[in-house]
Protein chains: 2
Amino acid sequence: MAPRQTDRVPRTASIVPLVRYEIERLIGCGELVGGARINESALALRLGISRGPIREACRELANTGLLQAELNRGFFVHEVNTKQALDIYDLRASLFGMAGKLAARVIDARQLSALAAQVEAMAQAIAAHDLATYYPLNVAFHQSLIEAADNYKLAQLWPLLEAELHLFRRRGLVQGGSMETSNEEHQALWEALRAGDDALAGRLAERHILAGKGRFLRSLD
Amino acid sequence: MAPRQTDRVPRTASIVPLVRYEIERLIGCGELVGGARINESALALRLGISRGPIREACRELANTGLLQAELNRGFFVHEVNTKQALDIYDLRASLFGMAGKLAARVIDARQLSALAAQVEAMAQAIAAHDLATYYPLNVAFHQSLIEAADNYKLAQLWPLLEAELHLFRRRGLVQGGSMETSNEEHQALWEALRAGDDALAGRLAERHILAGKGRFLRSLD
DNA sequence: CGCCAAAAAAGTGTTGACAGTTACATCGAC
DNA sequence: GTCGATGTAACTGTCAACACTTTTTTGGCG
């Protein structure tokens, strides 16, 4: 069961990113839930490595907000409460609005058609009621717009916010009914981008996330 | 010269944050400049500790953007080029605008008077042409407004952006002449906050940072 | 049976050492 | 003198072990 790597490969890659990815996966798939402690020794044994790289990976994850460090007690999966989730929504709204505004000024034809393809793919997923396909497409669309804004720090922070919010969302926050509305917003945003209307694109992008926040709020009841 | 700590204290604190702070200090005071490599062994010897905690601190700093990791070559002080500095200014403008908007809705009397005191202290520093006093007050004022916005993630990210921008600013970017203008903007922002005018406060806050970006741009010539 | 103290177990924080890689210096050929 | 190869030193990536702390278990007492 434990995939030990006994063979010592020449050092072409560090194992720290692998550990980091593994912990993110464990959180993503629900094997590690909010509040759970990371057992360094057990994880090291399971991955067939020592504790050093695990601790380094945990430090990174603690810094991004996925884990929290407690002295002499180790690293715990960060529990995101409702207030914090709403905080992150607000932040994402502000950043996505900024991305929309900036992207409208500098986006090129290739990026525009890539976005259009993603909107179209989402429309097909909606028609097929295929949420499993829709969800990653939705994430990718947002990511593409962020990258189109050509702000390195924004592109660096966005995925971290997504990951932390993911800790809360866990399951089924994207209701079936909201997908159509959401993709209509994508379409409108795309048209503002194509028109180069930065003020409109910024407004639409921000509202799009705030609409998501609204859906999130209603889903809490 | 090297402040070795030979006495073994009971474990009431981890040394990782201390190392992190030390590296930040070395960068801040210019002993480590952009592009420089962190010599783990030398730093360990100098601080009287082993390399483990140093590596963990570096991982954190790499994640915040102050350092960059290169396989088999270690950690390097991130060199922030002009484009990236401008990116960070844009991001700060967006976030500070958001902070102004949110703070105007929820700020209380105590926080308002604290901000007023900071504006007043800055005015005195300006009158005395005391840049060494003005600069930290300015940073603290921004920090206070961020905290008044009551968004935990925003409060978490803001100092990281400040630190990374600091890598570029290094010395003397706040020209003497701009302090008055800047503090007038603080004053106007404060009045919008007191009036509870969230839209105005948001606009003024964003413009304040963008004005800083403008001064930064002009100082490059 | 419940409760508290002491002992044992589990787990983190840190260290020093080893293996592999990169950077530097030395030496010879042209 | 310059260029390239070779050997050496310096340094990173990882590991295994130790010291200390926290948690759990055990055992005794009321």
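The values are calculated or read from the model by the stated rules, or taken from the named source; none is laboratory data. Everything quoted here is computed from the prediction, not taken from an experiment. Note that each Cβ is placed from the backbone with ideal geometry, even for glycine, and that neighbours are counted across all protein chains shown.
Key figures
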| item | result |
| --- | --- |
| Members of the stretch B:164-221 found to be at pLDDT below 90 and outside any helix (DSSP H, G or I), listed by number | B:ARG170, B:ARG171, B:GLY172, B:LEU173, B:VAL174, B:GLN175, B:GLY176, B:GLY177, B:LEU220, B:ASP221 |
| Residue within the stretch B:62-72 that is more than 9 Å from chain A (Cβ to nearest Cβ), at pLDDT below 90 and not in a helix (DSSP H, G or I) present | no |
| Meets criteria (out of contact with any Phe, Trp or Tyr (no Cβ under 9 Å at 6 or more places or on another chain), more than 14 Å from every other protein chain (Cβ to nearest Cβ) and part of a helix (DSSP H, G or I)) for B:LEU43 | yes |
| Test: residue in the stretch B:162-170 that is in contact with a Gly (Cβ under 6 Å, 6 or more places away or on another chain), acidic (Asp, Glu), surrounded by 15 or more Cβ atoms within 10 Å (Cβ to Cβ) and within 10 Å of chain A (Cβ to nearest Cβ) | yes |
| Residue check for A:ALA57: small (Gly, Ala, Ser), within 14 Å of chain B (Cβ to nearest Cβ), more than 13 Å from DNA strand D (Cβ to nearest atom) and buried (at least 17 other Cβ atoms within 10 Å of the Cβ) | no |
| Count - residues of the stretch A:92-127 that are charged (D, E, K, R), assigned to a helix (DSSP H, G or I) and without any contact (Cβ under 8 Å) to a residue 24 or more places away in the chain | 2 |
| Qualifying residue in the stretch B:182-192 (condition: crowded, with 17+ Cβ neighbours inside 10 Å, within 14 Å of chain A (Cβ to nearest Cβ) and not hydroxyl-bearing (Ser, Thr, Tyr)) | no |
| Residues that are among the polar types (S, T, N, Q), surrounded by 14 or more Cβ atoms within 10 Å (Cβ to Cβ) and within 15 Å of B:LEU165 (Cβ to Cβ), drawn from the stretch B:60-84 | B:THR64, B:GLN84 |
| Unmet requirement for B:ASP87, which otherwise passes all of (1) touching a residue at least 24 places away in the same chain (Cβ under 8 Å); (2) within 22 Å of the chain's Cα centre (by Cα); (3) more than 13 Å from DNA strand C (Cβ to nearest atom) | (1) |
| Test: residue in the stretch A:23-30 that is more than 9 Å from DNA strand C (Cβ to nearest atom), in contact (Cβ under 8 Å) with a residue 60 or more places away in the chain and charged (D, E, K, R) | yes |
| Qualifying positions in the stretch B:19-52 - crowded, with 20+ Cβ neighbours inside 10 Å and either under 22 Å from A:GLY52 (Cβ atoms) or hydroxyl-bearing (Ser, Thr, Tyr) (or both) | B:VAL19, B:ARG20, B:ILE23, B:ILE38 |
| Scope the stretch B:208-219; condition touching a Leu at 6+ places or on another chain (Cβ under 9 Å) and among the charged types (D, E, K, R); matching residues | B:LYS213, B:ARG215 |
| Of all residues making up the stretch A:86-115, the number that are among the small types (Gly, Ala, Ser), more than 10 Å from chain B (Cβ to nearest Cβ) and surrounded by fewer than 21 Cβ atoms within 10 Å (Cβ to Cβ) | 3 |
| Odd one out for B:VAL33, checked against (1) within 8 Å of DNA strand C (Cβ to nearest atom); (2) closer than 26 Å to B:LEU165 by Cβ; (3) among the β-branched types (Val, Ile, Thr) | (1) |
